[in-house]
Amino acid sequence: MIVQFIGLLVLSQRTILTVEVTNEQLKVGSAHIDRKYLGTITALTAEQMRQLRGPLSDPAGYMALRFWLSRGVKVEINDPNDPTPYWLISSKKAQPLAAALQDKD
């Protein structure tokens with residue numbers, strides 16, 4: 001049991017989702033997109049996130065999820081060359097992330 005606990009602890013640390021917002025790009029894990037292609041940005045409640053992860057999910061959407069985080073942000077993509085309709089990003093701090101993405105300065 002102790003070995004399992006340590007294994008899960010190590011695994012959770014190795015799978016930390018890094019989200020970085022710069023003036024030019026949004027980077028989530030190894031994925032990145034220019035901010036000029038970001039559309040509507042929505043901070044999601046736990047119920048909205050559950051719906052978008054499950055019954056309302058679009059298979060073409062990019063999902064950067066951590067099962068232990070119940071909230072997140074939906075970022076619609078407005079790039080005619082990208083078939084991805086949106087990014088769904090888990091976040092403990094969904095409101096500040098959405099605000100940072102909406103800030104165009």
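Structure notes:
- Checking each residue in region 44-92 for being farther than 17 Å from L26 by Cβ and touching a Phe, Trp or Tyr at 6+ places or on another chain (Cβ under 8 Å) picks out only D58.
- Residue tally, condition exposed (fewer than 14 other Cβ atoms within 10 Å of the Cβ) and either without any contact (Cβ under 8 Å) to a residue 12 or more places away in the chain or β-branched (V, I, T) (or both), over region 70-92: 2
- Test result for K36, outside any loop (DSSP other than H, G, I, E, B), within 13 Å of L88 (Cα to Cα), out of contact with any Gly (no Cβ under 6 Å at 6 or more places or on another chain) and charged (D, E, K, R): no
- Meets criteria (in a helix (DSSP H, G or I) and surrounded by 10 or more Cβ atoms within 10 Å (Cβ to Cβ)) for L8: yes
- Taking the conditions (1) exposed (fewer than 14 other Cβ atoms within 10 Å of the Cβ); (2) part of a strand (DSSP E or B) in turn, M63 satisfies each one other than (1).
- Residue match in region 42-53 (condition: loosely packed, with under 11 Cβ neighbours inside 10 Å, more than 17 Å from L17 (Cα to Cα), touching a residue at least 12 places away in the same chain (Cβ under 8 Å) and not charged (D, E, K, R)): no
- When the residues of region 21-30 are filtered to those that are of a type outside the set (D, E) and loosely packed, with under 13 Cβ neighbours inside 10 Å, the one that is farthest from R71 (Cα to Cα) is N23.
- V73 being in contact with a helix residue (DSSP H, G or I) (Cβ under 6 Å, 6 or more places away or on another chain) and not in a loop (DSSP other than H, G, I, E, B): yes
Rule-based calculations on the coordinates, nothing more; no lab input. In this text the structure is predicted, and so the values were computed from the model without any measurement. Reconstructed Cβ throughout: ideal geometry from the backbone, glycine too, with neighbour counts over all protein chains shown.
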